[in-house]
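Presented below is the structure to which this report refers.
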Amino acid sequence: MRQNAGPLTLTRVPLRERPLRRLPQLFAGLALYGLSIGVMVGAGLGNSPWSVLNQGVERHTPLSFGTVSALVGVLVLLLWIPLKQRPAFGTAANVVVVAYASDAGLWLVPQDLGLAARTALLLGGVLANGLSVAVYVGARLGPGPRDGLTTGLAALTGRSLRLVRTLVEVVVLAAGWLLGGSVGAGTVLYALAMGPVTQYFLPRFAYARTPATAAGTPEVSPRRA
């Protein structure tokens, strides 16, 4: 948890700074993120844009949802090269942990649930997903592949982060829908709720540096994350 009320800063901090404090937070956040994604997909009421794409690709391959998620993440990382983005420890962990955790989340959702149970799973999944983003981003160990793509494009084009993120997710959503991914009420709910939920939790989990630690290990700018 944050220990002071100073300005919220999310620039990457080197792994060597307080790893025993930050690594558990990173892995817990990523595991919860993957589990919540799997639960939302299992609810069958509409997915987040990237989950729509992953599910659409899954329908045309023998691969699991989590494996497709990891492969898409690796392909997105290749797009970092012309954007001059640099992956960090948290970037690699994002690809691996989310893949396994999302498959686990799907496995945990029973088949043939009624609408009320599926709606409850969707609502809980969205809330947990927003919390998980705040937890793993707050560890400040580097962005996930999709986050880095967004920040890199925003830096390259000079457009706002919100505009670039929206355009990227619209393209991803359309591609996933054409491939057969599930779009529905859950997709709309995710789009409307994720920002406010994450914004609420983020100040509570963002790692705050002390003057002593900051003096020894400088922050890394997002463009070089």
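The values are calculated or read from the model by the stated rules, or taken from the named source; none is laboratory data. Bear in mind that the values here come from a model prediction, so they are computed numbers and not experimental data. Counting neighbours? That spans all protein chains shown, and the Cβs are built from the backbone with ideal geometry, glycine included. Only protein heavy atoms, including side chains, enter the accessible area calculation; ligands, DNA and RNA are left aside. Shrake-Rupley method; radii C 1.70, N 1.55, O 1.52, S 1.80 Å.
Summarising the amide proton neighbourhood of ARG12: residues at separation of 5 or more, or on other chains, whose placed amide H is nearer than 5 Å comprise VAL220. Note on the chain: Kirkwood radius taken over Cα pairs, Stokes-Einstein applied at 20 °C and 1.002 mPa s, translational D equal to 120 µm² s⁻¹. Less than 5 angstrom separates the built amide H of GLY184 from those of ASN47, all sequence-distant by 5 or more or on a different chain. Distance between the modelled labels on THR210 and HIS60, one decimal in nanometres: 5.4 nm (7 Å Cα→Cβ projection). The residues of the chain expose on average 50 square angstrom of accessible surface per residue, using a 1.4 Å probe on protein heavy atoms. Membrane-span-like helices in the chain, defined purely by DSSP H runs whose alpha carbon atoms cover 30 Å or more axially and whose average Kyte-Doolittle hydropathy reaches 0.0, are 19-43, 115-138.
Its DSSP H runs of at least 4 residues, each contributing -39,500 (n - 2.57), put the calculated 222 nm mean residue ellipticity of the chain at -23500 deg cm²/dmol, to the nearest 500. Relative contact order for the chain: 42 percent, from Cα pairs under 8 Å spaced at least 6 residues apart, divided by residue count. List the residues of the range 85-102 whose backbone N lies under 16 Å from a point placed 7 Å from the Cα of LEU156 along the Cα-to-Cβ direction. 85-87, by backbone N distance to the label point. By accessible area, using a 1.4 Å probe on protein heavy atoms only, the chain has 70% of its surface on carbon and sulfur.
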